[in-house]
1. Loop-only check: which trypsin sites (Lys or Arg not before Pro) in segment 295-367 are DSSP coil with at most 14 other Cβ within 10 angstrom?
2. By how many nm would the segment from LEU856 to LYS338 lengthen if fully extended, with 0.36 nm per residue of separation less the alpha-carbon distance?
3. Dividing the Cα convex hull volume of segment 504-573 by residue count, how many Å³ per residue is that?
4. What nm distance separates the two modelled labels at LYS219 and LYS69, each placed 7 Å from Cα along Cα→Cβ?
5. Taking just the C-alpha trace of segment 708-825, give me its Rg and Dmax in Å.
6. Please work out the ratio of the alpha-carbon Rg of segment 193-405 to 2.2 N^0.38 Å and round it to two decimals.
7. Compute the FRET efficiency between ASN281 and SER571 as 1/(1 + (r/R0)^6), taking r as their Cβ-Cβ distance and R0 = 60 Å, and round to the nearest 0.05.
8. Going by amide H atoms built from the backbone, whose H comes under 5 Å of the H on ILE751, apart from near neighbours?
Amino acid sequence: MSQPVITCFSIKALLVIALCSGACYSIAGAARLTDETSTINVAPYTDFLLDPKSTLTLNDILKHETQNKFSPITGEIASFGFSDTTVWLKLTYQDQRIRKINNPLILEIDTPILDHIDIYRPSETGYQVSKTGLLGDYENREISSNIFQFYLPHGSKKSNVIYLKIRSQTPLIIPLKIHSIERSIKNHQLDFSSPLIFIIIYMTMLLYNFFLAFSLKDKSNKYYIGWIISVIFITSFLNGIIQPYLGSNLTWVTHNFWGFASSVGFFSVLFLSSFLNLSKNAPLLAMIGRCLAAIFAINSIIIFTTDHRLWFETLVLAGVTSPFYLASTAYCAYLKQKEGYFGLLAFLPMLYALMFFSLGSMNLIEPNWWTINGVFVGFALTSVLLSASVGDKIYHEKKQRFLLEKQSRTTLEANNKALQTSNDVKDAFLSTISHELRTPLNGVLGSLSLLENVVETIAIRHQSEHSTGAMNYTDLAHRSAQDMLSLINNIICFTELHNGETKDHNQYFSPYTSITSTIKTFKKNIANKGLSLNIEIESLRSIEIDADESQQQRALEVLIENAIKFTHQGSIAIRGRIEKHAEGDPVLSITVSDTGVGIPQEKRQEILEPFHQADQSFSRQFGGLGIGMSVCKKIMDLQKGEIIISDNNGNGTSITLLFPAPQFRTAVSLTPATSVVDTKAVMNSPQPSFTPQSFPHPKQESIQSEGKILIVEDDFINQIVCGDMIKALGLKFCFANNGQEALDVMEKEKIQLILMDCQMPIMNGFEATHAIRASDKTYRNIPIIAVTANASLKDHNHCLEAGMNDFMPKPIILNQLKTMLNKFLGDFEPNDLRVTSNDVATAMSANEGAANESGLERVLIVEDNISNQMIVKAIVKKIGLETVLAENGCEALERLQQSPIDFILMDCQMPVMDGFEATRRIRALEGPQGQIPIIAITANSSDKDKQKCLDCGMDDFLSKPISFQIIDSTLKQWRDKKPRMVS
């Protein structure tokens with residue numbers, strides 16, 4: 001039993017001797033803590049030992065030979081830079097305080113980014129180890145703090161030795177302090193508040209720029225927001241503020257920290273490139289910036305997807321990026337750009353901080369407070385300065401925007417003024433061009449209408465080839481002039497409607513009379529095409545509606561014109577009635593149906609747009625400007641009406657116009673006693689109340705034989721034409737050259753109606769009308785009919801507002817004048833003998849083909865317009881050549897195969913096959929030795945059109961309109977060339 005006791009005693013004695021020996025070894029380098037020095041930097045009292053292979057244990061460290069290998073730390077902070085070596089630290093201290101109760105000592109490692117820390121503290125049973133670190137569980141830390149803190153044993157004044165084993169891929173910068181817990185609490189509060197101040201600065205800048213993003217649509221602002229978010233995260237991690245809140249994700253974030261940190265470089269490079277506008281100012285630097293941003297992105301991807309933490313490599317990358325910041329900002333400053341100065345000033349603090357942090361992390365300079373904490377100060381200053389630079393940019397951009405808007409407003413006002421002037425000039429031009437075009441057309445159409453009467457009379461009395469031909473030519477001339485007038489009317493009406501210059505001029509009128517009058521102007525055209533006309537408007541005979549008659553007539557004219565144009569055979573039906581709309585309100589419904597080509601479903605909306613037609617190709621069958629239906633649509637919009645396009649029972653087209661009729665009356669008298677009908681009551685009443693038997697149409701008085709028609713006109717030709725028309729109608733007339741002369745004539749002559757021109761010298765038609773209506777003479781109520789070349793709806797309304805009774809646009813024709821005189825003077829029937837179109841066709845066909853066997857040279861006329869075809873045919877025959885006709889390219893190819901042709905007069909725009917394609921096929925059939933001269937005859941007269949004709953194989957080019965002399969000289973020229981071509 002004694003042996004174990006001796007052994008136990010011996011062991012205890014040896015331990016005491018060993019501890020005393022150790023105490024004696026380290027007593028000289030011990031840190032002494034007193035009541036006056038309760039906080040002390042213990043790095044100078046610390047020895048270190050490097051364990052490159054990380055194989056040493058505490059037992060190995062405690063061995064005497066290992067103890068001799070420890071070396072003292074010479075600086076204020078233990079620093080070993082980036083190293084894979086495990087560092088052992090040996091710290092000796094003495095607690096010489098008197099007031100120790102409830103105030104233990106704490107060892108503080110003032111850095112939160114060390115991976116592994118093992119602390120060995122002496123106890124009664126030997127050394128006890130505690131393990132912690134960045135890669136450890138935060139919940140297991142001895143003291144909850146943003147840095148590493150450990151309790152130290154205290155007791156007697158003897159020396160205590162503790163050992164620290166530290167291993168980390170982060171920079172091995174280890175600030176060591178010992179202080180009492182009272183001091184620790186105070187220091188911790190101070191140390192915690194310092195980084196919090198920086199975080200508050202960052203958050204303030206973030207919120208400021210986040211709200212700026214709503215007003216500033218700029219990439220640099222968005223990049224700055226990304227940069228500041230990245231800075232907030234990495235600085236919060238580096239100073240340990242965010243670590244307690246990461247929980248179990250702390251280890252993952254630690255491994256991938258530099259993946260997040262790389263976003264600082266990524267966003268800063270993109271921000272600088274955008275802020276300095278390097279793509280414009282320095283393209284090479286912009287390309288380098290994009291490459292650096294890509295490298296930072298790749299660096300992040302590698303860190304996130306592998307086990308590599310790349311601390312050292314990322315710091316090197318940040319160092320490599322620094323010259324880019326300096327070069328970019330310095331170059332823009334050299335260019336005298338304010339952004340360059342701001343950028344240089346803003347990035348310098350960050351670059352200096354990164355430089356000191358990197359050098360300290362690599363242990364190239366002695367670590368101090370600036371190498372550890374300078375990065376927070378540098379980033380804070382940079383964030384503030386960058387935010388200020390962005391704010392300055394916003395201010396100047398807003399200022400620039402204000403100046404630009406001011407300049408734009410000034411320019412816009414000037415442009416609006418110029419546009420208004422231009423519109424005024426355009427309006428004046430349209431008014432002038434309308435007047436100037438209609439004035440000569442008035443002479444043409446008026447003379448033709450008179451000539452028609454003479455020619456028809458001669459043709460009936462002396463039936464011969466010449467008289468029949470003359471009658472046909474006058475009819476062709478009249479139709480062509482009428483087509484030109486229709487085009488002019490459409491253009492003027494379209495321009496006026498689309499400029500918003502048309503206003504409603506509502507008054508009570510009879511829709512029955514209005515529709516009948518409109519249909520009457522088209523009856524001859526309908527008959528000439530051999531179409532039947534069905535009219536169903538009797539229910540409208542006895543009512544009058546309050547609306548704009550002229551606009552309704554114009555819309556109806558468009559529909560009837562289209563129905564005639566697009567219908568080759570069959571019929572046209574026009575129906576009108578008052579009906580109840582889907583919403584219950586009454587409307588005037590006018591439907592025009594035809595048995596023509598129809599409108600495809602997909603084109604029905606498109607044709608209501610300006611310049612659109614169902615067929616837009618060169619080979620389209622029907623011509624026109626493509627504005628008729630858009631005019632109709634605009635009128636319906638102005639009237640708040642509706643236009644409905646549908647099939648006519650699968651055969652042709654049916655178009656319905658629905659005009660609002662909020663009120664109408666059943667009395668034909670326009671006296672104040674006339675009662676206005678409640679439309680809803682009428683709509684609910686039986687339909688027979690609208691029959692013509694209920695309200696008989698009044699009879700007109702017969703024309704008075706006494707009194708003259710006063711023609712007030714300053715144009716001599718129009719005076720003669722109008723006078724001859726009135727003479728042809730069996731009435732008397734007299735002239736006045738202006739309004740003043742008209743007033744003088746009315747004092748001397750008995751006048752029963754005035755035909756009043758509007759634009760005249762001395763006194764115009766409006767002034768003369770005002771003077772007549774304002775006089776107290778008996779002639780103050782005389783009917784005054786406006787006869788003017790200004791034919792727009794605006795002009796129409798102007799005439800009515802001036803006191804005129806009706807309106808006739810120039811050019812006027814005999815039947816139109818007769819209708820107007822009937823309206824105001826009563827019915828009369830002068831000798832108005834006519835020859836039908838069938839008679840003309842029969843007479844013309846009698847001589848056709850007479851020269852087929854004559855051996856004359858043949859001219860193939862390829863033309864789809866019948867009027868033009870007949871005119872060219874007559875000219876060619878008069879030249880002495882034989883004619884062959886074709887209406888399109890396909891027919892032309894057939895005619896060439898049927899008989900030899902010497903010349904071809906080729907139109908370009910035709911249905912089925914246009915002139916270009918026909919020419920190409922003719923040349924292909926002829927082969928290389930093709931000899932037939934092909935001469936283009938087209939209404940397209942530009943150089944581009946001419947070149948297009950020559951390119952497809954045509955030999956010459958004539959632009960419409962053509963004359964006898966032009967065709968004669970052209971054919972003579974090619975007849976002279978032909979023998980040389982053959983030879």
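1. Qualifying residues, ordered by number: LYS336.
2. 177.6 nm
3. Cα convex hull per residue, to the nearest whole number: 69 Å³.
4. Between LYS219 and LYS69, the label points sit 5.7 nm apart.
5. For segment 708-825, the Cα-based Rg and Dmax read 12.8, 35 Å.
6. That ratio works out to 1.03.
7. FRET efficiency, ASN281 to SER571: 0.20.
8. Placed amide hydrogens put LYS708 under 5 Å from ILE751.
No value in this document is a laboratory result; all are computed from the given coordinates. On a predicted model such as this, the values are computed, not experimentally measured, just so you know. Glycine gets a Cβ as well: all are built from the backbone with ideal geometry, and neighbour counts include every protein chain shown.
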